[in-house]
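Written out below as structure tokens is the structure these notes cover.
The values are calculated or read from the model by the stated rules, or taken from the named source; none is laboratory data. Just so it is clear, the structure is predicted and the values come from calculations on it, not from any experiment. Glycine also receives a Cβ, built like all others from the backbone with ideal geometry; neighbour counts cover every protein chain displayed. Surface areas here come from the heavy atoms of the whole protein model, side chains and all, with no ligands, DNA or RNA. Shrake-Rupley method; radii C 1.70, N 1.55, O 1.52, S 1.80 Å.
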Amino acid sequence: MDTLIQDKLEKEFQEKIDKDIKIEPNDWMPESYRKTLIRQISQHAHSEIVGMLPEGNWITRAPSLRRKAVLLAKVQDEAGHGLYLYSATETLGVSREDTIDDLHAGKVKYSSIFNYPTLTWADIGAIGWLVDGAAIMNQVPLCRTSYGPYARAMVKICKEESFHQRQGYEIISNLMKGTEEQKAMAQDAVNRFWWPSLMMFGPSDADSKHTEQSIRWRIKRHTNDELRQMFVDATVPQAELIGLTLPDPALAWNESRGHYDFGDIDWDEFWQVVGGNGPCNKERIEARIKAKKDGEWVREAALAYAKKHQTN
Ligand code: BYC
């Protein structure tokens, strides 16, 4: 394309963004905007789907019928979120099949948090409270993201995530009212999930390669560090209320900043997990590949049925 035309289109595009006018699938957009969205939305979709695995692991062992029904509903919600987000990715001109194959081939990322194991029932509480809590903090601003289909998907997702966060906090609060053993189990889960939850927000702003451009395009509305701080500020009082200690000796209210200070994140651990070397990376991808293979007969049958109806 002529550079003059390209410049004009890019200028008009940025003006639309600056006026908070949503970009829709058939609108002109720079190729790099489209690519950034495909990357972020597909990663997000994969996270929802892979995120079903650590919790799904506890459906058969939930301690009561009520807990089982609630957990089942939550895990089903995550599947729904994945499907909205795969649909949003498809509006950018990629196929769902290819997107999923990229995940299975290890070519794309999903959230680091889902590479940690769920060892006890309290982990389900910690995930709901901390992981869904972090997800909401990151996702509420995405309801105002510049790409229309992503923003609209996020509105419904956030409503459900907020129910998920409450069910997690309820589980962990109840354990904290229980026996010494139950309290210890809750504390242990929080000890293991606290730092990985802070890592969910991504690398520090100094090391985040996409943030600056994504903020300019209003794909992201806050930086990784801003959201992480908002999460810490919201979560510390919730922990104190139910008698949990967050595993960070540096955590302290800073009057002059009006925020909590917190300790250094182990970025080496983060990059190891992101790079495929976390405790459960291999297991998670294998489970997704197996699910695809096991479902092959269903897809074949559905396709055969659809074809038969087309010709009749
Ligand atoms: N894990 O330049 P940066 C959920 C990658 S919640 C793995 O800052 P960006 C759920 C990043 O992709 C979780 N990788 O990137 C909750 C990039 O690598 P590439 C899903 C990570 O995109 C409960 C590189 O590091 N939420 O689904 O500007 C139950 C440099 O990072 C992570 C979303 O996806 C990580 N934690 O910012 C069930 C929200 N962090 O791609 C399900 C939407 C960074 O260049 N996504 N990386 O190879 C976002 O808001 C942004 O993509 C992020 C990262 C804040 C995550």
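Of all residues in segment 255-276, those that are in contact (Cβ under 8 Å) with a residue 12 or more places away in the chain have Cβ atoms under 6 Å from Cβ atoms of residues that are within 11 Å of the ligand (Cβ to nearest atom), 6 or more apart or on another chain, in ILE265/LEU198; PHE270/MET199; VAL273/SER112; VAL273/ASN115; VAL274/SER112. In the list ILE17, ILE5, which residue meets the criterion of being open to solvent by less than 20 Å² (accessible area, probe 1.4 Å) and not aromatic (Phe, Trp, Tyr)? Unique residue meeting the criteria: ILE17.
Among the residues making up segment 232-265, a single one is in contact with a strand residue (DSSP E or B) (Cβ under 9 Å, 6 or more places away or on another chain) and open to solvent by 80 Å² or more (accessible area, probe 1.4 Å): TRP253.
If a residue must be loosely packed, with under 15 Cβ neighbours inside 10 Å and either farther than 30 Å from SER204 by Cα or of a type in the set (A, V, I, L, M, F, W, C) (or both), how many such residues does segment 266-285 contain?
Of all residues in segment 266-285, those loosely packed, with under 15 Cβ neighbours inside 10 Å come to 266-268, 271, 275-277, 279, 282-283.
Add one more test, that the residue is either farther than 30 Å from SER204 by Cα or of a type in the set (A, V, I, L, M, F, W, C) (or both), and what stays is 267, 271.
Within segment 266-285, residues that are loosely packed, with under 15 Cβ neighbours inside 10 Å and either farther than 30 Å from SER204 by Cα or of a type in the set (A, V, I, L, M, F, W, C) (or both) number 2.
For the structure I just gave you, tell me whether TRP195 is over 30 Å from ARG152 (Cβ atoms) and open to solvent by 60 Å² or more (accessible area, probe 1.4 Å). No. Quick check on segment 88-111: of everything there that is part of a helix (DSSP H, G or I) and among the hydrophobic types (A, V, I, L, M, F, W, C), which residue is surrounded by the most Cβ atoms within 10 Å (Cβ to Cβ)? Across segment 88-111, the extreme among qualifying residues is ALA88.
Each residue in segment 28-47 was checked for being farther than 17 Å from TYR86 by Cα and surrounded by 13 or more Cβ atoms within 10 Å (Cβ to Cβ), and 3 pass. Note on segment 198-230: residues that are within 9 Å of the ligand (Cβ to nearest atom), crowded, with 16+ Cβ neighbours inside 10 Å and of a type in the set (D, E, K, R) amount to 1.
Evaluate segment 206-214: report whether one residue or more is aliphatic (A, V, I, L, M) and under 23 Å from the mean Cα position of the chain (by Cα). So that I can check it myself, show each step before the final result.
Residues of segment 206-214 aliphatic (A, V, I, L, M): 206.
Now restrict to residues that are under 23 Å from the mean Cα position of the chain (by Cα): 206.
Yes, that holds for at least one residue.
Only residues that are in a loop (DSSP other than H, G, I, E, B), of a type in the set (Lys, Arg) and touching a residue at least 12 places away in the same chain (Cβ under 8 Å) were counted across segment 209-244, and they come to 3.
So for segment 169-188 (the condition being under 17 Å from the mean Cα position of the chain (by Cα) and open to solvent by 40 Å² or more (accessible area, probe 1.4 Å)), does at least one residue qualify?
In the first step, residues of segment 169-188 are kept if they are under 17 Å from the mean Cα position of the chain (by Cα); the result is none.
No, every residue in segment 169-188 fails to be under 17 Å from the mean Cα position of the chain (by Cα) and open to solvent by 40 Å² or more (accessible area, probe 1.4 Å).
The residues of segment 185-208 that are free of Cβ contacts under 8 Å to residues at least 60 places away in the same chain and not in a helix (DSSP H, G or I), listed by number, are GLY202, SER208. Taking first residues from segment 73-95 that are under 22 Å from THR60 (Cβ atoms) and near the ligand (Cβ under 9 Å from one of its atoms) and partners that are open to solvent by less than 10 Å² (accessible area, probe 1.4 Å) and among the aliphatic types (A, V, I, L, M), the Cβ contacts under 8 Å between residues at least 6 apart in sequence or on separate chains come to GLY82/ALA45. Set side by side, the residues PRO149, PRO117, PRO141 differ, and just one is open to solvent by less than 40 Å² (accessible area, probe 1.4 Å), modelled with pLDDT of 95 or more, more than 16 Å from the chain's Cα centre (by Cα) and not β-branched (Val, Ile, Thr), which is PRO149.
Is there any pair linking a residue in segment 1-20 that is over 16 Å from TRP217 (Cα atoms) to one that is open to solvent by less than 90 Å² (accessible area, probe 1.4 Å), with Cβ under 9 Å and at least six apart or on different chains, and which? Close Cβ pairs satisfying both conditions: MET1/LEU9; GLN6/PRO30.
Pairs meeting the criteria (first residue in segment 120-140 and in contact (Cβ under 8 Å) with a residue 24 or more places away in the chain and within 22 Å of LYS183 (Cβ to Cβ), second residue of a type in the set (A, V, I, L, M) and near the ligand (Cβ under 9 Å from one of its atoms), beta carbons under 8 Å, at least 6 apart or on different chains) are VAL131/ILE113; VAL131/MET200.
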